[in-house]
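K.L.:
The structure that follows is given in the form of structure tokens.
The values are calculated or read from the model by the stated rules, or taken from the named source; none is laboratory data. Because the structure is a prediction, the values reported are computed rather than measured. Quick reminder, even Gly has a Cβ in these numbers, built from the backbone with ideal geometry, and neighbours come from all protein chains shown.
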Amino acid sequence: MVVASQPALNHSSLIKTCKPTSLFTGIPVVDLSDPEAKSLIVKAFEEFGIFKLVNHGIPMEFITRLEVESLRFFNLPQPEKDRAGPPDPFGYGSKRIGPNGDVGWIEYILLNTNPDVMSHKSLSIFQQSPEIFHSAVNDYLSAVKKMTCEVLELIADGLGLEARNMLSRFLRNEKSDSCFRLNHYPPCPELQALSGRNLIGFGEHTDPQIISVLRSNNTSGLQICLRDGTWVSVPPDRSSFFINVGDSLQVMTNGRFKSVKHRVLADNTNPRISMIYFGGPPLNEKIVPLSSLMAEGEESLYKEFTWWEYKKSAYKSRLGDYRLGPFEKA
Ligand code: GA4
């Protein structure tokens, strides 16, 4: 996104007046090595749909290397980046999010994490040094996927499921439909003049998958919507991960966990960079409440559907839509 060469803020739909938000210090923090981690994660997902993971064991070197490589790409001249787009849905995108008219003060790269897909357009887009980028993405993703499966196994334990792999098996499956997003929110100096108004980096939404694992640099911008409907800002932490419930996990727990609504506001001085792994099931997987979680006589709140059906419907929706609505039982 070459900010200077474009008419400033030509997307008026990006400018919103959001109620002033307070810095939220109440995000549960979980240490992966804590023997209580399983119950703390379950509690955090029940209360907030999100928690911060510390002592996660992912080498900082993997994180920094991917951040450096991403910035190298985002700093390329616009025509070079455009060659890697438009996203279909994978590839490079600028301002447009999804196929239905949503926009944000953002540029991004969306990748499928399936190795077969990773090797096609997704990575050839990095004409400069595809192998360097490939190895940075691979090292980061294999470590983050492993850690995410560990977290899902702790959740299965914490929920008292009969097998520890009841949730992690979806991500470990070689057909797992997971994806990975690198976001760059350029600073917007014009924002200062808009006193009291905000620039939407990524509009409010929930994630459709099972679980999302986010890492960002130290620039603020991420906000979550609490259960009472108030929006609060999440203090950034460059060395931790924020892990949140996706719509599919909401269904699998029959609403015991709720996917958290979140958004990102642009900053006027600092670029924000974030990397998010979205852990999803294989396309043909039925998304239904886990039977061992259902109390006697408890009924599913949702109609039966496959991940493919949900995804198809998600891609017809607008970002802020309540996507589970059509799948709820009347
Ligand atoms: C939100 C979560 C992930 O970023 C994403 C997004 C996807 C996209 O950018 O292509 C979607 C959005 C996300 C939900 C509704 C549809 C699809 C844009 C959009 C309007 C990659 C995903 O899986 O769903």
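K.L.:
Of all residues in segment 228-251, how many are buried (at least 18 other Cβ atoms within 10 Å of the Cβ) and either assigned to a strand (DSSP E or B) or charged (D, E, K, R) (or both)?
P.N.:
Looking only at that region, the number is 7.
K.L.:
If I ask for residues that are out of contact with any helix residue (DSSP H, G or I) (no Cβ under 7 Å at 6 or more places or on another chain) and either closer than 30 Å to L283 by Cα or within 15 Å of the ligand (Cβ to nearest atom) (or both), which ones from segment 208-220 would you list?
P.N.:
S212, L214, S216
K.L.:
Name the residue that is farthest from M147 (Cα to Cα), counting only residues in segment 30-67 that are of a type in the set (V, I, T) and free of Cβ contacts under 8 Å to residues at least 40 places away in the same chain.
P.N.:
My answer is T64.
K.L.:
Please indicate, with yes or no, whether at least one residue in segment 280-289 is within 12 Å of the ligand (Cβ to nearest atom), more than 30 Å from A193 (Cβ to Cβ) and surrounded by 15 or more Cβ atoms within 10 Å (Cβ to Cβ).
P.N.:
yes
K.L.:
Looking at segment 254-279, which of the residues that are within 30 Å of R65 (Cβ to Cβ) and out of contact with any Leu (no Cβ under 7 Å at 6 or more places or on another chain) is surrounded by the most Cβ atoms within 10 Å (Cβ to Cβ)?
P.N.:
R272
K.L.:
Considering F202, F180, which residue is within 19 Å of I63 (Cβ to Cβ) and either surrounded by 20 or more Cβ atoms within 10 Å (Cβ to Cβ) or in contact with a Ser or Thr (Cβ under 8 Å, 6 or more places away or on another chain) (or both)?
P.N.:
Just a single option satisfies the conditions, and that option is F180.
Quick grid of which residues meet (1) more than 30 Å from L14 (Cα to Cα); (2) among the small types (G, A, S); (3) more than 17 Å from the chain's Cα centre (by Cα); (4) at pLDDT below 95:
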residue	(1), (2), (3), (4)
E153	yes, no, yes, no
N173	yes, no, yes, no
A193	no, yes, yes, yes
R215	no, no, no, no
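K.L.:
Would you pick out the residues in segment 154-205 that are farther than 27 Å from L283 by Cα, touching a helix residue (DSSP H, G or I) at 6+ places or on another chain (Cβ under 9 Å), not hydrophobic (A, V, I, L, M, F, W, C) and not in a loop (DSSP other than H, G, I, E, B)?
P.N.:
Matches in segment 154-205: H184, N198, G201.
K.L.:
Quick one: would you say V264 is modelled with pLDDT of 95 or more and under 20 Å from K311 (Cβ atoms)?
P.N.:
no
K.L.:
Failed condition for G297, given (1) within 16 Å of the ligand (Cβ to nearest atom); (2) on the phi > 0 side of the Ramachandran plot, with all others met?
P.N.:
Here G297 clears every test but (1).
K.L.:
Turning to a different aspect of this structure: What's the total number of residues in segment 265-279 that are more than 11 Å from the ligand (Cβ to nearest atom), part of a strand (DSSP E or B) and of a type in the set (A, V, I, L, M, F, W, C)?
P.N.:
Matching residues across segment 265-279 total 3.
Matching residues to (1) within 16 Å of the ligand (Cβ to nearest atom); (2) in a helix (DSSP H, G or I); (3) surrounded by fewer than 21 Cβ atoms within 10 Å (Cβ to Cβ); (4) not aliphatic (A, V, I, L, M):
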{"position": "K38", "(1), (2), (3), (4)": "no, yes, yes, yes"}
{"position": "I58", "(1), (2), (3), (4)": "no, no, yes, no"}
{"position": "L66", "(1), (2), (3), (4)": "no, yes, no, no"}
{"position": "P89", "(1), (2), (3), (4)": "yes, no, yes, yes"}
{"position": "N100", "(1), (2), (3), (4)": "yes, no, yes, yes"}
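K.L.:
List every residue pair whose Cβ atoms sit under 8 Å apart, with the two residues 6 or more apart in sequence or on different chains, where the first one lies in segment 308-322 and is under 16 Å from S248 (Cβ atoms) and near the ligand (Cβ under 7 Å from one of its atoms) and the second, anywhere, is part of a helix (DSSP H, G or I) and modelled with pLDDT of 95 or more.
P.N.:
Note: no pairs meet the criteria.
K.L.:
So which of K95, K52, K81 is more than 16 Å from the ligand (Cβ to nearest atom) and either part of a strand (DSSP E or B) or modelled with pLDDT of 95 or more (or both)?
P.N.:
Of the residues listed, the single one that is more than 16 Å from the ligand (Cβ to nearest atom) and either part of a strand (DSSP E or B) or modelled with pLDDT of 95 or more (or both) is K52.
K.L.:
Under 7 Å between Cβ atoms, which residue pairs at least 6 apart in sequence (or on different chains) link something in segment 189-213 that is without any contact (Cβ under 8 Å) to a residue 12 or more places away in the chain with a partner that is away from the ligand (no atom under 12 Å from the Cβ) and not aliphatic (A, V, I, L, M)?
P.N.:
Between residues of segment 189-213 that are without any contact (Cβ under 8 Å) to a residue 12 or more places away in the chain and residues that are away from the ligand (no atom under 12 Å from the Cβ) and not aliphatic (A, V, I, L, M), there is no close pair.
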